């Protein structure tokens, strides 16, 4: 078992006990909201949030860490492109320069990895 699983198994009973204890208090609006349905939906959303993280951790253990590191740049890049071109967010030139420098460094990194891989093959 990994650390996340152990921590979750250890903390889940404590959290559940707290939620049940708080729900007995008449002044308390359940754990997260005004209704049991909302509370259950919010708890379920936590499980849905955890699922991609667990799947990513399982997948990351099967590939090189350099690949995982590179993949971690894809999400912020997609968010940047959507923010600037779809949502028309303003971006100052210094932010664009910084973004460009990060990607130039990534290109150098990828070229270095590719050359190393070619030498080994």
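The values are calculated or read from the model by the stated rules, or taken from the named source; none is laboratory data. The model shown is predicted, which means the values in this text are computed figures rather than measured ones. Glycine gets a Cβ as well: all are built from the backbone with ideal geometry, and neighbour counts include every protein chain shown.
Only one of these conditions is not met by residue 54: (1) at pLDDT below 85; (2) within 30 Å of residue 9 (Cα to Cα); (3) in contact with a helix residue (DSSP H, G or I) (Cβ under 8 Å, 6 or more places away or on another chain). Which number is it? Of the numbered conditions (1) at pLDDT below 85; (2) within 30 Å of residue 9 (Cα to Cα); (3) in contact with a helix residue (DSSP H, G or I) (Cβ under 8 Å, 6 or more places away or on another chain), the odd one out for residue 54 is (1). Of the set (1) under 30 Å from residue 11 (Cα atoms); (2) modelled with pLDDT under 90, all apply to residue 48 but (2).
Can you tell me how many residues in region 1-19 are more than 30 Å from residue 72 (Cα to Cα) and modelled with pLDDT of 80 or more? Give the steps one after another, and end with the answer.
Our first condition is that a residue be more than 30 Å from residue 72 (Cα to Cα); within region 1-19, this holds for 13-19.
Adding the requirement that they be modelled with pLDDT of 80 or more leaves 13-18.
Result for region 1-19: 6.
Tell me whether region 53-71 contains one or more residues that are over 22 Å from the mean Cα position of the chain (by Cα) and loosely packed, with under 11 Cβ neighbours inside 10 Å.
The initial filter retains those residues of region 53-71 that are over 22 Å from the mean Cα position of the chain (by Cα), namely none.
No; the residues of region 53-71 include none that is over 22 Å from the mean Cα position of the chain (by Cα) and loosely packed, with under 11 Cβ neighbours inside 10 Å.
Residue-by-condition table, conditions (1) in the same structural domain as residue 109 (by TED's automatic domain parsing); (2) touching a strand residue (DSSP E or B) at 6+ places or on another chain (Cβ under 7 Å); (3) under 26 Å from residue 114 (Cβ atoms):
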{"position": "58", "(1), (2), (3)": "no, no, no"}
{"position": "70", "(1), (2), (3)": "yes, no, yes"}
{"position": "74", "(1), (2), (3)": "yes, no, yes"}
{"position": "77", "(1), (2), (3)": "yes, no, yes"}
{"position": "81", "(1), (2), (3)": "yes, no, yes"}
{"position": "84", "(1), (2), (3)": "yes, no, no"}
{"position": "88", "(1), (2), (3)": "yes, no, no"}
{"position": "92", "(1), (2), (3)": "yes, no, no"}
{"position": "96", "(1), (2), (3)": "yes, no, no"}
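Contact map, region 27-45: first residue farther than 16 Å from residue 15 by Cβ and assigned by TED's automatic domain parsing to the domain that holds residue 15, second residue in a loop (DSSP other than H, G, I, E, B) and at pLDDT below 70, Cβ cut-off under 8 Å, separation 6 or more or different chains; pairs are 36/30; 38/30; 38/32.
Does region 86-96 hold any residues that are in a helix (DSSP H, G or I) and surrounded by 10 or more Cβ atoms within 10 Å (Cβ to Cβ), and which are they?
Filtering region 86-96 down to residues in a helix (DSSP H, G or I) leaves 86, 93-96.
Of everything in region 86-96, those that are in a helix (DSSP H, G or I) and surrounded by 10 or more Cβ atoms within 10 Å (Cβ to Cβ) turn out to be 95, 96.
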